[in-house]
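Working notes for the structure below.
The values are calculated or read from the model by the stated rules, or taken from the named source; none is laboratory data. In this text, all values refer to a predicted model and were calculated from it rather than measured experimentally. As a convention, Cβ positions derive from the backbone with ideal geometry for all residues, glycine included, and neighbour counts pool all protein chains shown.
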Amino acid sequence: MKFSMEGISIFIYNFVNNRLPQGMVLNALTKRDYIFLTILCTVLFLKSYYWALSVRFLVQWFPNVNPYIHPMFGLIVITDIFLKEFQGLLPNILGMDMSAMLAFVCLEWMIRTLESIIIV
């Protein structure tokens, strides 16, 4: 499979264009449209980050997966940035750190709040 900048830009254009409200055209954008697109891109980023966190915790349950090889190590580094903000906020319960649950709740709250914004 061969990638090119033109192919990637067409993919992104179609991806965003399919999620726009009815009547909004990417060729003639207003300030309202730019705000909407900013919120849409932020929500898409947060949803992908949510899945990255989910994959990280799912893979950590398997002891035979080496966390120090490239794809897993990159995932751990990227998600540790967010998880370190919540570390130590909740006490350990039965030897398990519950701060990751708080991180998931906060991320879900941000996603749902941004999705509920209506721009008039």
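So here's what we get for this one:
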| quantity | calculated |
| --- | --- |
| Selection within region 14-43 - out of contact with any Leu (no Cβ under 6 Å at 6 or more places or on another chain), surrounded by 11 or more Cβ atoms within 10 Å (Cβ to Cβ) and among the aliphatic types (A, V, I, L, M) | VAL16, LEU20, MET24, LEU26, LEU29, ILE35, LEU37, LEU40 |
| Of all residues in region 87-114 being among the small types (Gly, Ala, Ser) and touching a helix residue (DSSP H, G or I) at 6+ places or on another chain (Cβ under 8 Å), the one that is surrounded by the fewest Cβ atoms within 10 Å (Cβ to Cβ) | GLY88 |
| Selected residue (only one of SER9, SER48, SER54 is among the hydroxyl-bearing types (Ser, Thr, Tyr), part of a helix (DSSP H, G or I) and at pLDDT below 75) | SER9 |
| Residue that is nearest to GLN60 (Cα to Cα), among those in region 80-119 that are in contact (Cβ under 8 Å) with a residue 60 or more places away in the chain and assigned to a loop (DSSP other than H, G, I, E, B) | ILE117 |
| Residue match in region 63-79 (condition: in contact (Cβ under 8 Å) with a residue 24 or more places away in the chain, surrounded by 12 or more Cβ atoms within 10 Å (Cβ to Cβ) and either closer than 17 Å to ARG112 by Cα or under 17 Å from the mean Cα position of the chain (by Cα) (or both)) | yes |
| Complete set of residues in region 84-103 that are at pLDDT 85 or above and either of a type in the set (Asp, Glu) or under 17 Å from PHE45 (Cβ atoms) (or both) | GLU85, ALA103 |
| Any chance LEU29 is assigned to a loop (DSSP other than H, G, I, E, B) and under 26 Å from ILE10 (Cα atoms) | yes |
